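Down below is the structure, laid out as structure tokens.
The values are calculated or read from the model by the stated rules, or taken from the named source; none is laboratory data. This is a predicted model, so every value here is computed, not measured. Heads up, the Cβs are rebuilt from the backbone with ideal geometry, glycines too, and the neighbour counts pull from every protein chain shown.
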Protein chains: 4
Amino acid sequence: MAGEQQRNQHGDSVILLIHCPDRRGLIAAVTEFITKNQGNIIYLDQYVDPIKQIFFMRIEWELENFLIPREKIGEYFDTLLARRFEMKWTLHFSREVSRMAIFVSKLPHCLYDILSRWQTGEFVVDIPLIISNHLDLKPVAEQFGIDFYHFPITPENKREQEAKELALLKEYRIDFIVLARYMQILTPEFVQQYPNRIINIHHSFLPAFPGARPYHSAYERGVKVIGATSHYVTADLDEGPIIEQDVVRVSHTDTVADFIRKGRDLEKIVLARAVWWHLQHKTLVYENKTIVFT
Amino acid sequence: MAGEQQRNQHGDSVILLIHCPDRRGLIAAVTEFITKNQGNIIYLDQYVDPIKQIFFMRIEWELENFLIPREKIGEYFDTLLARRFEMKWTLHFSREVSRMAIFVSKLPHCLYDILSRWQTGEFVVDIPLIISNHLDLKPVAEQFGIDFYHFPITPENKREQEAKELALLKEYRIDFIVLARYMQILTPEFVQQYPNRIINIHHSFLPAFPGARPYHSAYERGVKVIGATSHYVTADLDEGPIIEQDVVRVSHTDTVADFIRKGRDLEKIVLARAVWWHLQHKTLVYENKTIVFT
Amino acid sequence: MAGEQQRNQHGDSVILLIHCPDRRGLIAAVTEFITKNQGNIIYLDQYVDPIKQIFFMRIEWELENFLIPREKIGEYFDTLLARRFEMKWTLHFSREVSRMAIFVSKLPHCLYDILSRWQTGEFVVDIPLIISNHLDLKPVAEQFGIDFYHFPITPENKREQEAKELALLKEYRIDFIVLARYMQILTPEFVQQYPNRIINIHHSFLPAFPGARPYHSAYERGVKVIGATSHYVTADLDEGPIIEQDVVRVSHTDTVADFIRKGRDLEKIVLARAVWWHLQHKTLVYENKTIVFT
Amino acid sequence: MAGEQQRNQHGDSVILLIHCPDRRGLIAAVTEFITKNQGNIIYLDQYVDPIKQIFFMRIEWELENFLIPREKIGEYFDTLLARRFEMKWTLHFSREVSRMAIFVSKLPHCLYDILSRWQTGEFVVDIPLIISNHLDLKPVAEQFGIDFYHFPITPENKREQEAKELALLKEYRIDFIVLARYMQILTPEFVQQYPNRIINIHHSFLPAFPGARPYHSAYERGVKVIGATSHYVTADLDEGPIIEQDVVRVSHTDTVADFIRKGRDLEKIVLARAVWWHLQHKTLVYENKTIVFT
């Protein structure tokens, strides 16, 4: 099975993510473009927002025998279709391995979970660096052989430190960032460098309990279910497009410590699903929502 | 099986719900009171709030052979134990059938669900009347042979109509009220007549999306899970002690109509669970939380 | 919202379900057929079985302005596409209302649930008759104004009674049958009259606990989760293609009576989801599996 | 919070697990024994099997001020109560840290998950050794600084190798064993050395799909939900008392590789819950069922 999965992930295909105003003939036009050029479609999912009348599509086809050379596909698609239909699009090749940075603070559970998925080949991704505002998790980075950088943050030095972090991210050619329980708020200036490319895990069922100490608030309110939310980071704290959410039951016998313990499992699973979909190029953000093609 | 269930529900037992400041020896004292008087304990669950240091207990024992006569149990318990330990307590006999009123507006799904549970014997309860601010569901009441009263509500007549409703509830000797998607806010004066005895179903995962049109708000926010919450009604809208919550997954392909459709099933199941526990005297409200002994 | 939903369900569209050996160009060919004839595609989902190399598709388009007249669509599609690609296909018009028969025995919860969904307009379907091997639920049929027929079944009279039932189903022009906890096994001869058009609800998580008394078996085994399974009926008992499954947690404190009680909610929800998808023509059976386009 | 949790787990208390034939006065007798000797009960849960008429109890009290010295509690309890009521009992001190061995084969996800819970202090347990029939996961053991022993198993050498393993387990004073996707069947002789002290994770919703390759079987059957089961190991493969189960949804689009990937998360969470309860002495096995006091 491992072999099958490998092949699957590394099959030589191209993924196109599109959105544009809806109109008749979009699917026919895109599929004809691929088929006429001998491409074999191996995935197609599309969706029309019934209120905004926007068309969204994820389509993937094999490159073997495709008549347009790999490096020309974008240009041809843009010329022949995208301009005509006012499409916004991105192109991804299945063989390209993304480069991910992880930001952490003191809590290790999401970090361990991501690193074990990476080390066991579940996440086909490069993880060249970990950034933290604390030193606590440096040993974990070392345990997995990943570069670790320490940037303590104060209100005074935040912009300066973020500038250094951005330089580092550039140097490491990072494609996207995962905030694995990183307890600092990024400035809008930082966020706009990675639009829809910073994934956060918030330890509540948003929009319930945004901000700090959500498990304590949930306990105070006496909820019977707690949740976790993974979302792309925008300038508005905890307001970004939601990628995934899930919940677990609690009862009156659960203390805040139990909420935190049960929540850890939720957080790591919910974050891992979001990262998985992002890695498969199955997410597409439009305004404040994430379309997840599954 | 039905026979077994019947027997179970109609076994001749007594249920005691207690709360008091925690101190050593409470369980021993209560269990000794029952055992010394030849009572056979068939259920015991207790819980200490670790922060408020309050002791909560639900204990049930068979009345057969119990040395204290049924009508004297409360007095004896109060004299011998409750005063000593500053206990608040209520006593319920398994053979007493509660009397429930249902308030509805226009949506029928929760009403149908409750009535079918009642008619098939799942809910052992009397339902002598249904009250509504609309006439839409009168035929359903008639279909099930239940008295139906129509009280249209305007801001001007609300108190007057509620006074009539309260008179009716008294006349019908109602023990507790279920708001089965009743779309009016009850006044604090009404609510205080039935403290912790009015059960509402709110169509969101509280505290997310309180108030009106929660499915529309959830759709706008782009959540990946929707929920329903059953709670006791207090003077603060949607702030009462939560009895039960549950959720169901949604995706970007679900419209508001789909949210509403999926939510209906959630609402009826979540409300039914809350009513079930209330009927079994398994709920105990303390401040803003509901302890559910399961 | 109700208005929107109505419109949605009664929009004048046509639904095409297809399966055929996979080959290049299928999607392009089908979408071009629709688009060239001025059809506006409002739903497309397709899937290729990676092992069997079979292509499956559900596509829906609006009939307004479509150049091929309604009654000719099947013929044209067959001539122009289906034969060429060896497609098996069915065509459904959104405005056609299906006719459903319900088979029951003594348990009322699924019956009540279906009838309330029908009466409140959630299920847009005609339910002209209920058939039972017992008289217990006759009053429910009457309560909802539906014809009720009583066919007691013995090993000796089974074929004879089924023949009468089949005649009745024909007379009532029934499209599909829902077994709402019908406790008789249909003969293969009966089943083959309604291939993939009889929906059953089995009260376990199949393939665990097939056959009789699954809750008792689950209790004996000490499981921590119980389930329900909705499937199309085939000649092999409890072996038909699964449409939907779901589960609920149980604990050691739950008796068989509790399993049965909790299971009732599962059964009715799982069956309702299966019926919903069947009504939307979102299911497609291939060999022993059900593809559910969601 | 971490501090609070630590304190909680290391509070100086004693846990008593009891089962015996049910009779009147058991709870009163046990609680009086504790209270009379100045013990403060901090946990009590009890349950009577309604069919077998067996009484089960987990009770925990603080040792501070308790009049019976720690090392005499067992003796006193046995003399004063256990013999009288024919109780089977075990005593556990909250400050005693259990010693756990992990058996693995080639799959690393459960191993990583357990080790990260241990290293971050979620599991308060000693893990002195890992045993495997393969060398693949030796680096993981080294990464976490745990002794690793390699015992390749063939039909011919199985008993001999198990004898060596048992010697090692004795040498390391192991209290219980976790099979973290260990792909060998232990002999009954081995199992009986650790009755109800070997925890396995099976990658299906038992009793569905016992034995090898359950995800492949589930795929073949076309289920809509897959599961995982954690259970104590007995001489009968996959028949031991279930501790915990959970499920996740799958659809027709999921391949066997997807089942395996989704299943990994289930397996590690379900196994971790079982280990957590075992570590808290919250499980009590009776015949073929596990009572989990939560």
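Odds and ends about this structure:
- Flag if residue D:151 is within 28 Å of residue D:239 (Cα to Cα) and under 15 Å from the mean Cα position of the chain (by Cα): no
- Residue list for region D:64-93, restricted to those being at pLDDT 95 or above and part of a loop (DSSP other than H, G, I, E, B): D:66, D:67, D:68, D:69, D:86, D:87
- Breaking point among (1) farther than 17 Å from residue D:109 by Cα; (2) not in a loop (DSSP other than H, G, I, E, B); (3) not hydroxyl-bearing (Ser, Thr, Tyr), for residue A:107: (2)
- Filter pass, residue C:219 being without any contact (Cβ under 8 Å) to a residue 60 or more places away in the chain, away from chain D (no Cβ under 14 Å) and among the hydroxyl-bearing types (Ser, Thr, Tyr): no
- Some residue of region D:231-242 being within 12 Å of another protein chain (Cβ to nearest Cβ), out of contact with any His (no Cβ under 6 Å at 6 or more places or on another chain) and crowded, with 23+ Cβ neighbours inside 10 Å: yes
- Tabulated pairs, region B:252-276, first assigned by TED's automatic domain parsing to the domain that holds residue B:214, second at pLDDT below 95 and in a helix (DSSP H, G or I), C-beta under 6 angstrom, 6+ apart or interchain: B:257/C:4; B:257/C:5
- Residue C:255 fulfils the conditions (1) touching a strand residue (DSSP E or B) at 6+ places or on another chain (Cβ under 8 Å); (2) more than 18 Å from residue D:204 (Cβ to Cβ) except for a single criterion, (1).
- Among the residues of region C:53-63, some residue qualifies, meaning at least one is of a type outside the set (Phe, Trp, Tyr), under 25 Å from residue D:222 (Cα atoms) and outside any strand (DSSP E or B).
- Sole exception among (1) in contact with a Pro (Cβ under 8 Å, 6 or more places away or on another chain); (2) not assigned by TED's automatic domain parsing to the domain that holds residue B:53 for residue B:86, by number: (2)
- Residue list for region C:86-118, restricted to those being surrounded by fewer than 18 Cβ atoms within 10 Å (Cβ to Cβ) and either within 14 Å of chain B (Cβ to nearest Cβ) or in contact with a Cys (Cβ under 6 Å, 6 or more places away or on another chain) (or both): C:86, C:106
- Region D:206-220, residues that are crowded, with 17+ Cβ neighbours inside 10 Å and in contact with a Leu (Cβ under 8 Å, 6 or more places away or on another chain): D:208
- Members of region A:41-84 found to be facing chain C (nearest Cβ under 9 Å), crowded, with 19+ Cβ neighbours inside 10 Å and over 18 Å from residue A:285 (Cβ atoms), listed by number: A:41, A:44
- Region D:119-143, residues that are free of Cβ contacts under 8 Å to residues at least 40 places away in the same chain, more than 8 Å from chain A (Cβ to nearest Cβ) and not in a strand (DSSP E or B): D:134, D:135, D:136, D:137, D:138, D:139, D:140, D:141, D:142
- Some residue of region C:155-171 being within 14 Å of chain B (Cβ to nearest Cβ), within 25 Å of residue C:276 (Cβ to Cβ) and within 22 Å of the chain's Cα centre (by Cα): no
- When residues in region B:22-40 are screened for being outside any helix (DSSP H, G or I) and either more than 7 Å from chain D (Cβ to nearest Cβ) or of a type outside the set (Gly, Ala, Ser) (or both), 7 of them pass.
- Some residue of region D:147-162 being outside any strand (DSSP E or B) and closer than 30 Å to residue D:96 by Cβ: yes
- Filter pass, residue A:147 being under 30 Å from residue D:110 (Cβ atoms), of a type outside the set (Val, Ile, Thr), in contact with a Leu (Cβ under 7 Å, 6 or more places away or on another chain) and surrounded by fewer than 21 Cβ atoms within 10 Å (Cβ to Cβ): yes
- Any chance residue C:211 is more than 10 Å from every other protein chain (Cβ to nearest Cβ) and on the phi > 0 side of the Ramachandran plot: yes
- Of all residues in region D:247-274, those satisfying the criterion of being more than 9 Å from every other protein chain (Cβ to nearest Cβ), among the aliphatic types (A, V, I, L, M) and touching a Lys or Arg at 6+ places or on another chain (Cβ under 8 Å) are D:248, D:250.
- Hits in region A:154-192 - residues which are more than 14 Å from residue A:236 (Cα to Cα), free of Cβ contacts under 8 Å to residues at least 40 places away in the same chain and in contact with a helix residue (DSSP H, G or I) (Cβ under 6 Å, 6 or more places away or on another chain): A:162
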